[in-house]
Each structure stands twice: as C-alpha cells, then as structure tokens.
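Nothing in this text is a laboratory measurement; each read-out follows from the coordinates by a stated rule. The structure presented is a predicted model; accordingly, all values stated were derived computationally and were not measured. When we count neighbours, we look across all protein chains shown, and the Cβ atoms used for this are built from the backbone with ideal geometry, even at glycine.
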Ligand SMILES: [Zn+2]
C-alpha cells in the first residue's frame, strides 16, 4: 500500500473511532455497534450474507422469472432478500445510504467480473422522484458495478440517458398481474438518439440493466423489452437482491 493510501486509511479509522465515542454507528442489518474498521454492515452479517448464486446457474429461479417474456442473456443477484438483509435495500433506497449502494454494487460487480458488458443501464427514476430522494439508488449500485467491471474492461460505460421514466407508476396494489405488467411498460421510454449512438459502430452492444431488487421482474422486463424494440442489443440483468 502506498504511503498516501495508508495515511488516508489510518485517518479514516481514527475519525471513525472518534465518531464512535459520540455517535452510535450501528450495523444496518442487525443493529450491533460497529467496530472502527467496519462500515455500514458488521463482519458477521457480511460473512453470513445469503448469497443467491444466481450467476453460476443457467436455470436459476431468477432466470425463470423472464422465461416466456423478454430475451435475457443472464440474470444475476448478489443476495436473497430475506430477514435482516432486507434492511440493506431499505437503507440504500430510503435511508440515503448511497455509499452502501456503491459498495454492494461493487461486490455484485466482482461476482460477474468475467461477463462481457459494454454499457450499464440503471433503471431510471422519474425526475421528480429523483429530485425528492436526491439520488437514484440504481445509479449508485451501477457505479459500484462499473468500478468492478472496469478492472477487466476499461471501455465499459454507464448509460444513464438511454431509458427514461415517463411518469410516476400508479400504485400497483389493486391491479391484477397482467394489468401490472402492461402498466409498468407504459412508464418507460427509450431515448432513440442515445440508442442510435450506442449502435453507431455497427456492433451489437451488450447491456447490463441494474436495479436494487428483483421481485416480479415486471419493471426489468419492461425496460428490457423496450430496449430490444429500439435497438439490436444483448441484455443481461443484475440486481443486489432477489426475492425468493
Ligand atoms: Zn450485523
């Protein structure tokens, strides 16, 4: 480690110890007080992270979500959305914890480091929602994935303007399943100018759509099918969590 990096790390640890004296830094998952060398999640919770292992299985339940719908190359999630681990997503989505978003995004990126991807496309938020929240959690996750994949593929880029959220998606609770899927599709549109730019060199771009959670797959399916209609591309999906 270079001297500058070591000093930076020492300072960070020192600052955290000081912060621990005054503020209680707690594990996002289990609430245990964090040690100075830990951030956001305790070592125990990290070690026990319920990995989904979707990236090593061709026919994982996550893959099957999209069977008979849109053509997806690969579907990957880092962990199973259950128990205390739901707090991770909650903290990133509603707690403003963008640092944790990027960190878990990087862990997700590390497990798919061998994948050949040209563009990372985060699921967009409506601009009004993004302004209210101050960030889009999918972009933060995408930033982490980008860092991990860039080590092998320096040309990889994040493409935030390819997809746009047209309007707030109406509340889904009272709609039946079929309605819900059409409904979500109407909430997005593809920026055709960007789509043209991506395919300009005659190559078929390999796109990774990223999001926080894979539940019914309706949102991700909508994004993927709209992209398939607008441009010749290959699409994979990566989410932090998968709801089993
Ligand atoms: Zn913990």
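Placing dummy labels 7 Å off each Cα toward the beta-carbon, the span from residue 161 to residue 229 is 2.3 nm.
Considering only the Cα atoms of the range 50-242, their convex hull presents on average a projected area of 10.6 nm².
Using 0.36 nm per residue of separation minus the Cα-Cα distance, give me the extension gain between residue 197 and residue 43 in nm, one decimal.
The span from residue 197 to residue 43 would gain 51.1 nm if fully extended.
The length gained on full extension between residue 127 and residue 189, counted as 0.36 nm times the residue separation minus their Cα-Cα distance, comes to 21.0 nm.
What's the angle, to the nearest 10 degrees (0 to 90), between helix 3-22's Cα axis and the longest principal axis of the chain? Value to nearest ten degrees: 80.
Annotation for residue 99 and residue 215: the two label points, set 7 Å from Cα along the Cα-Cβ direction, are 2.9 nm apart.
Extension gain for residue 152-residue 3 works out to 51.1 nm (0.36 nm per residue, less the C-alpha to C-alpha distance). Size of the range 100-173 from its Cα atoms: along the principal axes, largest to smallest, the extents are 39, 24, 24 Å. Peptide packing for 60-71, 231-242, 211-222 was compared via the average number of neighbouring C-beta atoms within 10 Å per residue; ordered from the highest value, the list is 231-242, 211-222, 60-71.
Taking the longest Cα principal axis of the chain as reference, the axis of helix 218-230 is set at about 50 degrees.
In terms of Cα atoms, the Rg and Dmax of the range 26-82 work out to 15.8, 49 Å. Name the residues of the range 97-111 whose amide N is less than 13 Å from a point 7 angstrom out from the Cα of residue 11 along the C-beta direction? Correct set: none at all.
The sum of -39500 (n - 2.57) across all DSSP H runs of n ≥ 4, divided by the residue count of the chain, sets its helix-only mean residue ellipticity at 222 nm to -12500 deg cm²/dmol.
Beta-bridge orientation, the chain: approximately 20 percent antiparallel, per DSSP, counting only bridges with both partners inside.
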